[in-house]
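Engineer: One structure is given below, represented as structure tokens, and several questions about it will come after.
The values are calculated or read from the model by the stated rules, or taken from the named source; none is laboratory data. Given the structure is predicted, the values throughout are model-derived calculations rather than measurements. Note that we place each Cβ from the backbone using ideal geometry, even for glycine, and neighbour counts take in every protein chain shown. In case anyone asks, the SASA skips ligands and DNA or RNA and just uses the protein heavy atoms, side chains included. Shrake-Rupley method; radii C 1.70, N 1.55, O 1.52, S 1.80 Å.
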Amino acid sequence: PRWIVTDREDGKNVGNWHWEEKNMFPWSRERLRELKGVAGSVEGFEGAFSGGFEVSNVTKIAGDVVIHQRKGKLWPLCDLVVEVSYKGTMSKEGQAPVDIRGEIVFGDVNVDDRDCLEVEVTVHGTGPEIDAFRRWIRKGGAQPVITKVQEFLDDLKKQADNGAAGVTKSAADAAQHDLEEAKKKAQEEAAKMAQVNKVVLPTPATPQDEAARPTGTLRIEEEFAARADDVYDCFTVANKAATYTRSPDTLLEARPGGRLSFYSGHVTGGFEDMHPPEFIKMKMRMADWADGVFSSVRIVVHELGAREGCKLELSQDGIPANRVADVERQWRERFFAPIKVTFGYGAVSGSHHAMFGGI
């Protein structure tokens, strides 16, 4: 039989063997409230702009933070959403500063992703100074806030490493319930990501298979009434992509080797290379393609000039020859059109041409 703490008459947890945990959310909430007042500044950005910002309010701290103890070991588990609002200014050389406000959202604060936190920065308004501020804060201006969140995660880990005081035993049935829920969630996530993992690490095809498989190539150009970095984010920021696809399970691990999944696994793959905010190289496939078949996608985004928007140039190689038209329709109807409608990035329709090769 499995022994639990309550089996002992004195209730003693011998050797810290049994499941215990401490709720660290109140401690975490106090630590994260210290984000208020964090500031950043810049001088001579792009040779002409100077300004900065300060976090004015911590608007949301939600989720779970605990330190678990099992078999004499302690480890932290953290799953938080943190949102802050900020105020700032930006001025062009020789001109009056312009007031700026916005939000910074950390969608998934956890210990494992400490060095690659998911961050979304919103800047309200338009204009030369505001647009310059938006470019600066997205290229690293938000780092003081990110660093503060990373320091919180470091301190949480130290709490576990040093042995958090007050870890108390949980009832056996509650511990068992938590274990079952965690197992169920892990199984669901594993099933959901099976297609993604299969694409990122595809089954190698033989030279004979590659030679026999007809493939097609797609070229699309599309214009958007938006800055290049705004359009770039539509393919690299999970929260933004989830908004226009209306798929909350969108996965975008925007780094070389990271996975991607749109529309609940209908489109999956992985990132190979990226240079924000201009270039993305990906491997992509549709769920109904044959096993091991994936295409290579390159997206290049060009600025067209001040207040003229940007142009996206997409090339995709290795598409099954009989699916090129369908893939083009998917890009236009399930990506480009929703992006324009959702975010107001509407522009003239782009030109395109498709050709078949590798037959």
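Engineer: State whether one or more residues within the stretch 127-146 are farther than 30 Å from Ile100 by Cα, assigned to a helix (DSSP H, G or I) and either of a type in the set (A, V, I, L, M, F, W, C) or modelled with pLDDT of 90 or more (or both). Give the steps one after another, and end with the answer.
Structural biologist: Keep residues of the stretch 127-146 that are farther than 30 Å from Ile100 by Cα, which gives none.
Taking every residue of the stretch 127-146 in turn, none turns out to be farther than 30 Å from Ile100 by Cα, assigned to a helix (DSSP H, G or I) and either of a type in the set (A, V, I, L, M, F, W, C) or modelled with pLDDT of 90 or more (or both).
Engineer: Looking at (1) assigned to a strand (DSSP E or B); (2) open to solvent by less than 50 Å² (accessible area, probe 1.4 Å), which is the one condition that is false for Trp75?
Structural biologist: Failed condition: (2).
Engineer: For the stretch 54-72, which residues satisfy the criterion of being modelled with pLDDT under 85 and either open to solvent by 40 Å² or more (accessible area, probe 1.4 Å) or among the hydrophobic types (A, V, I, L, M, F, W, C) (or both)? Outline the logic, then answer.
Structural biologist: Within the stretch 54-72, the subset modelled with pLDDT under 85 is 68-72.
Matches in the stretch 54-72: Arg70, Lys71, Gly72.
Engineer: Something else: Just for the stretch 42-53: of the residues that are of a type in the set (Gly, Ala, Ser) and more than 15 Å from Val123 (Cα to Cα), which one is surrounded by the fewest Cβ atoms within 10 Å (Cβ to Cβ)?
Structural biologist: Step one: of the stretch 42-53, the residues of a type in the set (Gly, Ala, Ser) are 44, 47-48, 50-52.
Still in the list and also more than 15 Å from Val123 (Cα to Cα): 44, 47-48, 50.
Numbers: Gly44: 9, Gly47: 6, Ala48: 14, Ser50: 18.
Among residues in the stretch 42-53 that are of a type in the set (Gly, Ala, Ser) and more than 15 Å from Val123 (Cα to Cα), the one surrounded by the fewest Cβ atoms within 10 Å (Cβ to Cβ) is Gly47.
Engineer: Which of the residues spanning the stretch 78-97 are open to solvent by 20 Å² or more (accessible area, probe 1.4 Å), touching a residue at least 40 places away in the same chain (Cβ under 8 Å) and not hydroxyl-bearing (Ser, Thr, Tyr)?
Structural biologist: Lys92, Glu93, Pro97
Engineer: Then there is this: Might you let me know whether the stretch 99-109 holds any residue that is farther than 21 Å from Phe152 by Cβ, of a type in the set (Asp, Glu) and either modelled with pLDDT of 95 or more or in a strand (DSSP E or B) (or both)?
Structural biologist: yes
Engineer: Now for a different question. Would you be able to say whether some residue in the stretch 1-17 is over 17 Å from Gln159 (Cβ atoms), surrounded by 11 or more Cβ atoms within 10 Å (Cβ to Cβ) and modelled with pLDDT of 85 or more?
Structural biologist: no
Engineer: While we're here: Can you tell me which residue in the stretch 311-346 is surrounded by the fewest Cβ atoms within 10 Å (Cβ to Cβ), limited to those that are over 17 Å from Arg213 (Cβ atoms) and among the small types (Gly, Ala, Ser)?
Structural biologist: From the stretch 311-346, those over 17 Å from Arg213 (Cβ atoms) are 311-315, 325, 328-346; that's our starting set.
If we keep only those that are among the small types (Gly, Ala, Ser) as well, we get 315, 325, 337, 344, 346.
Details: Ser315: 13, Ala325: 12, Ala337: 15, Gly344: 10, Gly346: 14.
In this case the residue turns out to be Gly344.
Engineer: Condition test on Lys158, is it over 20 Å from the mean Cα position of the chain (by Cα), over 21 Å from Asp229 (Cβ atoms) and outside any loop (DSSP other than H, G, I, E, B)? Please lay out each step first, then the result.
Structural biologist: Working: over 20 Å from the mean Cα position of the chain (by Cα): yes; over 21 Å from Asp229 (Cβ atoms): yes; outside any loop (DSSP other than H, G, I, E, B): yes.
The answer is yes for Lys158.
Engineer: Of all residues in the stretch 27-41, which are assigned to a strand (DSSP E or B), touching a residue at least 24 places away in the same chain (Cβ under 8 Å) and surrounded by fewer than 19 Cβ atoms within 10 Å (Cβ to Cβ)?
Structural biologist: Ala39
Engineer: Being touching a strand residue (DSSP E or B) at 6+ places or on another chain (Cβ under 8 Å) and more than 21 Å from Ile67 (Cα to Cα): is that true of Thr89 here? Give the steps one after another, and end with the answer.
Structural biologist: Values: touching a strand residue (DSSP E or B) at 6+ places or on another chain (Cβ under 8 Å): yes; more than 21 Å from Ile67 (Cα to Cα): yes.
Yes: the conditions hold for Thr89.
Engineer: Considering only residues that are touching a residue at least 12 places away in the same chain (Cβ under 8 Å) and either of a type in the set (A, V, I, L, M, F, W, C) or open to solvent by less than 60 Å² (accessible area, probe 1.4 Å) (or both), which ones fall in the stretch 294-305? Write out each step before concluding.
Structural biologist: So the first thing to find is which residues in the stretch 294-305 are touching a residue at least 12 places away in the same chain (Cβ under 8 Å), and the list is 294-304.
Within the stretch 294-305, Phe294, Ser295, Ser296, Val297, Ile299, Val300, Val301, Leu304 qualify.
Engineer: Go through the stretch 111-120 residue by residue and tally those that are farther than 27 Å from Thr89 by Cβ and either in contact (Cβ under 8 Å) with a residue 40 or more places away in the chain or touching a helix residue (DSSP H, G or I) at 6+ places or on another chain (Cβ under 6 Å) (or both).
Structural biologist: Restricting attention to the stretch 111-120, the residues satisfying the condition of being farther than 27 Å from Thr89 by Cβ are 111-116, 118.
Add one more test, that the residue is either in contact (Cβ under 8 Å) with a residue 40 or more places away in the chain or touching a helix residue (DSSP H, G or I) at 6+ places or on another chain (Cβ under 6 Å) (or both), and what stays is 111, 114, 116, 118.
Result for the stretch 111-120: 4.
Engineer: Would you confirm whether or not the stretch 129-137 contains a residue that is of a type outside the set (Ser, Thr, Tyr), open to solvent by 50 Å² or more (accessible area, probe 1.4 Å) and touching a strand residue (DSSP E or B) at 6+ places or on another chain (Cβ under 8 Å)?
Structural biologist: Taking the stretch 129-137 and keeping what is of a type outside the set (Ser, Thr, Tyr), we get 129-137.
Next, only the ones that are open to solvent by 50 Å² or more (accessible area, probe 1.4 Å) stay: none.
Taking every residue of the stretch 129-137 in turn, none turns out to be of a type outside the set (Ser, Thr, Tyr), open to solvent by 50 Å² or more (accessible area, probe 1.4 Å) and touching a strand residue (DSSP E or B) at 6+ places or on another chain (Cβ under 8 Å).
Engineer: How about the stretch 253-262: which of its residues are open to solvent by 20 Å² or more (accessible area, probe 1.4 Å) and at negative phi?
Structural biologist: Restricting attention to the stretch 253-262, the residues satisfying the condition of being open to solvent by 20 Å² or more (accessible area, probe 1.4 Å) are 253-257, 259.
Within the stretch 253-262, Glu253, Ala254, Arg255, Pro256, Arg259 meet the criteria.
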